[in-house]
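The values are calculated or read from the model by the stated rules, or taken from the named source; none is laboratory data. Values in this document were obtained by computation on a predicted structure and should not be read as measured data. Don't worry about glycine lacking a Cβ; one is built from the backbone with ideal geometry, like all the others, and counts go over all protein chains shown. Quick note on the areas: whole protein, heavy atoms, side chains included, nothing else; ligands and nucleic acids left out. Shrake-Rupley method; radii C 1.70, N 1.55, O 1.52, S 1.80 Å.
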Amino acid sequence: MATNPVAGVTCQADGENTPGVCGSGRSCRHQSESETDVGLTFKSLARLCSRDQKDRAAALEELSQEFVACLGRDQPGSARLKQTLLHLLRLSRSCPLQDVRGRATELLRSAQEKGVEVPRALASSPSAFIPAKEILKEVSDHDILIESFLSLGHVDHITMVMALHHDYLSCFLKTQHALFELDGPLPRHWRHYIAILAAARHHCSYLVQQHSVGFLEAGGEESWLGSLKPAPTKLRSLQTLNKLLAHRPWLITQKHIQELVCPGAEPRWSLAELIHAVILMAHAHSLCSFVWGCGINPEPDHIGGYTFRPPSPTRLPRSPRSPNSPAHEDSRQELADGVMEVEVLMKRMVELQQQQEEEECTQEEMVTRFERERSEGIPTAVVRGDPPDLVLHLVEDAEFRYEDFAPKGEQAPPTMRAQDYSWEDHGFSLFNRLLPDMGQLLDEKFQVASDLTYHRMAMHEGVDTLTLRKALWNYIHCLYGIRYDDYDYGSVNVLLERSLKLFVKTMACHPEQTTARIYNAFWRHFRHSEKVHANLIVMEARLQAALLYTLRAITHYMR
């Protein structure tokens, strides 16, 4: 994320901390005299972000001495000691610098030897769906993880999984930094609070916790996190737009914009402020899709990410399966089925390309195929319960959820034709007018996500995956009621089998219902990095669709 959870200090390239922020995660104007002695340890943690190895070594020595002093000074179980231990746990688990990771591990071990209860991470991987060894094996460029740590003070689980695609991660981090950290019409703590409200719509405790840290670091009032009531009326006035953006963006109209920005609106948003708030909400909504779709585990210092209880006794290893056992036969059959799926998809891609070169559909047939795809019923497999307590009090109208753009037997809203309003011809320029440079960052991110290819598919190399990537992107826009006149939607049915459609629709429309079973059911013989790539396409296509509807409404208001 764009903020630094290491004791509330924002790290710069030279390892120095930003003034005005204290280690408790609150702005320094809230810091009491009795808390000032905490700052030394936090300064040491911030200095670990130095690019100079000697400076880091000195910071590690200082941190070690202060930690020993902390163990002698603080009572076991004190909040301050607990927070220090959790910071060390996170460094020991996710810091890409071996010297820092190793020292944090040593300090935790020394504390345990002195009888201190030490936390342990509950998850062994950043993702509940992808084994840690698979991520380590497939991440080709560890420099970007080091760069992330040096600039942000940590490497979170989202970054670790996105690092499977270096070019995309680079664009993502630049865009996120601009959204939350660079100069803009909204104050920093408002930006994080808007992201919190957006993430709460999808029950995403992970992002709520991440942005809560950033909110408090930026000087936000802690009472806002416990209830919507203390928050300013101006922020609360975004809730209708928030729920529409999250669940049914095609319902956003000029009237919703007018209610927020027209003269006489109370409180009134400027167009620049509103467009900033819109991209913050849409960014958080789409990132929820990635978090749920990749099974991102809580950070080691998040609620739900650690425990102070000792591990359960190790179970005895199972005896190896006989090559002739039913279980072994099942796994061999599953492998064979997965290989067959890849071969069938490869064949379909070739045949589809040849068919499109030889045949030309009429416009009427193209529209019919779009309508057939749009109205296809893909039911979701699971319905989760109420939002967790962490987000429940931040959600208004929790019953308002996604509904199909075109439910069977009902009158559908008018389809948005991409030729009438598109990102390239309309949205991009409007964004750059209202929020300079942000349009360029978003455009680059959209392009990288849709164009990204390694010319391989499962076990095959030298594959042109354009038709498959395009089918994924256009299927998501189809779910959101956006039609491209020049695209044959028959391709979607040919290339996207039902288990993949189920995953895509779940992740794009109600990501909080994504499960490991849905993730594992599609592309069974593909690499995890290829599935993450599919997640990136879904996330960006969903983001663009939500922005298009909102930007169209703003355009109508401005006329």
Check Ala458 against each of (1) farther than 17 Å from Ala418 by Cα; (2) among the aliphatic types (A, V, I, L, M); (3) under 21 Å from the mean Cα position of the chain (by Cα) and name the one condition it does not meet. (3)
Qualifying residues in the stretch 230-274 (those that are in contact with a Ser or Thr (Cβ under 6 Å, 6 or more places away or on another chain) and open to solvent by 10 Å² or more (accessible area, probe 1.4 Å)) - the one modelled with the highest pLDDT: Pro230
Residue check, Ala534 assigned to a helix (DSSP H, G or I) and under 18 Å from Leu244 (Cβ atoms): no
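Please find, among Leu551, Leu543, Leu536, Leu502, the residue that is within 19 Å of the chain's Cα centre (by Cα) and farther than 11 Å from Ile476 by Cα. Steps first, answer last, please.
On the way: Leu551 fails: within 19 Å of the chain's Cα centre (by Cα); Leu543 fails: farther than 11 Å from Ile476 by Cα; Leu502 fails: within 19 Å of the chain's Cα centre (by Cα).
Selected residue: Leu536, the only one of Leu551, Leu543, Leu536, Leu502 that is within 19 Å of the chain's Cα centre (by Cα) and farther than 11 Å from Ile476 by Cα.
Would you mention how many residues in the stretch 160-205 are of a type outside the set (A, V, I, L, M, F, W, C) and in contact with a strand residue (DSSP E or B) (Cβ under 9 Å, 6 or more places away or on another chain)? Can you show your working first?
Of the stretch 160-205, the ones of a type outside the set (A, V, I, L, M, F, W, C) are 165-168, 170, 174-177, 181, 183-185, 187-189, 191-193, 201-203, 205.
Narrowing further to those that are in contact with a strand residue (DSSP E or B) (Cβ under 9 Å, 6 or more places away or on another chain): 189.
Total meeting the criteria: 1.
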Answer from His460, His426 - the residue that is open to solvent by 30 Å² or more (accessible area, probe 1.4 Å) and closer than 25 Å to Lys531 by Cα: His460
Only one of (1) at pLDDT 90 or above; (2) outside the structural domain of Leu81 (by the TED database) does not apply to Asp143, and that is (1)
Here the residues within the stretch 213-229 that are open to solvent by 20 Å² or more (accessible area, probe 1.4 Å) and either assigned to a helix (DSSP H, G or I) or touching a strand residue (DSSP E or B) at 6+ places or on another chain (Cβ under 8 Å) (or both) are Val213, Leu216, Ala218, Ser223, Trp224, Leu225, Gly226
Flagged in the stretch 469-518 as under 17 Å from Val342 (Cβ atoms) and open to solvent by 10 Å² or more (accessible area, probe 1.4 Å), in numbering order, are Arg469, Val494, Glu497, Arg498, Ser499
